[in-house]
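Here the structure is laid out as structure tokens; the discussion comes afterwards.
The values are calculated or read from the model by the stated rules, or taken from the named source; none is laboratory data. Since this is a predicted model, take the numbers as computed values, not measurements. Because the Cβ atoms are built from the backbone with ideal geometry, glycine has one as well, and the counts that use them run over all protein chains shown.
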Amino acid sequence: MARPSHAKENLIKAAHDLIWENSYGSTSVDDICERAEVRKGSFYHFFESKSHLTIATIETAWAEHLPRLNEVFSPLVPPLERFSRYCEAMLAHQEERRAITGHVCGCPLSSLGSEVGTRDELIRAKVAEIFAHHLRFYESAICDAAREGLIDGSDAAFKAATLQTYIQGACTHARVLNDLHPLRFLNRAILTILGAFNSSAERAA
């Protein structure tokens, strides 16, 4: 009986890691095949192009990441604590990647989208789609926090978008500096943006 092939899965993982660690432009099909230990002919059996493989890496990573997000942003978790858990998980993931690669990798979606977003509409649209999913988690937590009187919940969609801009900026900054410092204070920054500290002071008064 023939052994099952994991070539497709290996290509997806290799592409994800190489593009995240380096860049889309500097990662060739040959690089991906070498890392995956897959022949180039097999690459084109599974994927029409590097762009289509990259879409598959985004979708696979999202499918793996979504259960963790559902857990972190569960309605059973206090709303502001959801952001705290999210920041802790993000920092831990970045520390793990740094231990493997020797440098801070930042957000793979931000890095990829900013690099090729003006040249590859398929990739740009897929990155934007995943960002939109994250926004819904943020907005839900903000609305729940407002209902509990923890923050001002007016214009929750705008606040969620502002958080996303800051979070992605912090990840990019950490990658540029090759330093996790911007991510160590991410939760404090989120609470400040949401006005949580001000709300607490007002209740105490």
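Listed values, structure above:
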| quantity | calculated |
| --- | --- |
| Of residues in the range 86-96 being crowded, with 18+ Cβ neighbours inside 10 Å and not aliphatic (A, V, I, L, M), the one nearest to residue 23 (Cα to Cα) | 94 |
| All positions within the range 132-158 that are under 20 Å from residue 16 (Cβ atoms) and surrounded by 16 or more Cβ atoms within 10 Å (Cβ to Cβ) | 134 |
| Yes/no for residue 68 being buried (at least 16 other Cβ atoms within 10 Å of the Cβ) and either within 19 Å of the chain's Cα centre (by Cα) or not basic (Lys, Arg) (or both) | no |
| Matching residues in the range 30-50 - criterion: being crowded, with 17+ Cβ neighbours inside 10 Å, in a helix (DSSP H, G or I) and either small (Gly, Ala, Ser) or more than 23 Å from the chain's Cα centre (by Cα) (or both) | 33, 36, 43 |
| Residue match in the range 60-72 (condition: assigned to a helix (DSSP H, G or I), closer than 22 Å to residue 116 by Cβ and touching a Pro at 6+ places or on another chain (Cβ under 9 Å)) | yes |
| Condition met for residue 102 (surrounded by fewer than 19 Cβ atoms within 10 Å (Cβ to Cβ) and not aromatic (Phe, Trp, Tyr)) | yes |
| Residue match in the range 82-97 (condition: part of a helix (DSSP H, G or I), touching a Cys at 6+ places or on another chain (Cβ under 9 Å), of a type in the set (A, V, I, L, M) and at pLDDT 95 or above) | yes |
| Residue in the range 14-29 that is farthest from residue 117 (Cα to Cα), counting only those that are buried (at least 17 other Cβ atoms within 10 Å of the Cβ) and without any contact (Cβ under 8 Å) to a residue 40 or more places away in the chain | 14 |
| Complete set of residues in the range 170-183 that are part of a helix (DSSP H, G or I) and either within 16 Å of the chain's Cα centre (by Cα) or acidic (Asp, Glu) (or both) | 170, 171, 172, 173, 174, 175, 182, 183 |
| Qualifying residue in the range 123-145 (condition: part of a loop (DSSP other than H, G, I, E, B) and touching a helix residue (DSSP H, G or I) at 6+ places or on another chain (Cβ under 9 Å)) | no |
| Test result for residue 138, modelled with pLDDT of 95 or more and of a type outside the set (Asp, Glu) | yes |
| Filter result for the condition that a residue is touching a residue at least 60 places away in the same chain (Cβ under 8 Å), under 30 Å from residue 188 (Cβ atoms), crowded, with 20+ Cβ neighbours inside 10 Å and not acidic (Asp, Glu), over 127, 116 | 127 |
| Cβ-Cβ under 9 Å pairs, at least 6 apart or on other chains, the range 152-169 side within 11 Å of residue 138 (Cβ to Cβ), far side of a type in the set (Lys, Arg) and part of a helix (DSSP H, G or I) | 160/136 |
